[in-house]
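Okay, structure first, notes after.
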Amino acid sequence: MRLTLVFLFCLLAVFITCQSVTVEYPMYPPTKEGRDLKQFLNGVRTVAFALEPMNSEIWTHESNRSFVLMVPGKIYESLSQDSYFKILDLKDRPDVQEGKDLTLEGIHKNRKRIGEVLDADAILFVSVKQPESQCYVERKMDYLALGMAVLRVAAAGKDRDRQLSRAAASLVNDPIVKPTGVRKVYIPIEANLIRVDSGEMMKTTLSKPSIIYNGVGDVSCPSMLPSLSTALDESISEIQRRLSPKVESEDISIFTEDENPEVEALLLEGYEEITGDNPNFQRAKISWEKADQKAKGKSWAAKANLATYYFSEGDYQKAIQFYDEAIRLGGPEDDYLKELKELMAPPQIEEEATEK
């Protein structure tokens, strides 16, 4: 009984002094492009989105004009839902950027003002030009017809020769490979990610067409507007692949114990900021900075928590700096903090791995 009470007391002490939260962080691909992207972003999380104005009057096809109306919302919503970035829309914000300045040059020139007003780290400026489309017919496998033919052969049984003859005859009327209508769509898109602080830009231009098939056996060309929508979805995915890291999550310990009661109260206050009804890592960071100042830089827990904040923001340089400072202070969780540092190690480039 006494051992059980001691165990429960120790468990309660651990729960009070060290609790975990789920932290999202950026994961970069193990390629040269991934390494370059990681170096370029380094702390960029909040991104203002701007789309170059699209003049629907010059787009002669009616579905193209409908496409113009669809593009801004579709790009913004996709980036907001699937991207690592926190996306802010510059649309309907003339107080930040006038319509006449919605050019790459204008955005670059006014980037610091945009960053200050919106508290953004970077600006994603996207330019979409008039799509090009081509229709043709291609022979495509009808897997349903193939499956039916296989079933007929499998069910042949004793009367195999007659059933095989019937199966062969049915393939004449319903062939496995059928002419099918195809639309090739190319949407010229250029995306520039501009850092607010330095003005550095990372540019990507999409040049790969999208191939949209009609139902197998239908030789008519796939409808224009749905094809444009599919092509745009593929283009947005490619922009995200090139300019945004994937989002991973990790349960990371937040430390709330310190010998100084005032420091401990601030550590706990920061933890509560990210676990309440309205979680806010930024407010947690402020509490942990106050704890670090109150401890005169001697609280390993405050350093570790601040490192975790910068880790979640993708600022690996500052995160490693604070993890190192926490480790040097000789806290009880040195091995654990070293493991967290390993998550931020530069990805091994695949080409180098192949050569070895």
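Throughout, read-outs are computed from the coordinates displayed, never taken from laboratory work. For clarity, every value in this text was computed on a predicted model and none was experimentally measured. Cβ atoms come from the backbone with ideal geometry, glycine included; neighbour counts cover every protein chain shown.
Full extension of the chain between ARG283 and LEU69 yields a length gain of 73.2 nm, computed as 0.36 nm times the residue separation minus the alpha carbon distance. Enumerate the lysines that LYS290 could reach by cross-link, defined here as Cα to Cα under 18 Å, with residues fewer than 8 away along the same chain left out. Within the straight-line cut-off, LYS290 pairs with LYS298, LYS303, LYS318. The H on the amide N of ALA48, modeled in the peptide plane, is under 5 Å from the matching H of LEU88, ASP121, ALA122, ILE123, LEU124, each at least 5 residues off or on a different chain. Here the Karplus relation 6.51 cos²θ - 1.76 cosθ + 1.60, evaluated at θ = phi - 60°, turns the backbone of region 111-121 into coupling constants of 4, 5, 5, 4, x, 5, 5, 9, 6, 9, 8 Hz, with x for every Gly and Pro. For LYS203, the lysines whose Cα falls under 23 Å of its own Cα, not counting residues fewer than eight places away in the same chain, are LYS32, LYS38, LYS74, LYS86, LYS91, LYS100, LYS109, LYS112, LYS129, LYS246.
In summary, the lysines within cross-link reach of LYS178, defined as a Cα separation below 16 angstrom excluding same-chain residues under 8 places away, comprise LYS140.
Shown here for region 230-279: GluC sites (Glu not before Pro) in loop regions (DSSP other than H, G, I, E, B) with at most 13 other Cβ atoms within 10 Å, namely GLU259. Using θ = phi - 60° and the Karplus form 6.51 cos²θ - 1.76 cosθ + 1.60, what ³J(HN,Hα) does each residue of region 197-210 get, whole Hz, x for Gly and Pro? Result, rounded to whole Hz: 5, 9, x, 4, 10, 10, 10, 9, 10, 8, 10, 8, x, 9.
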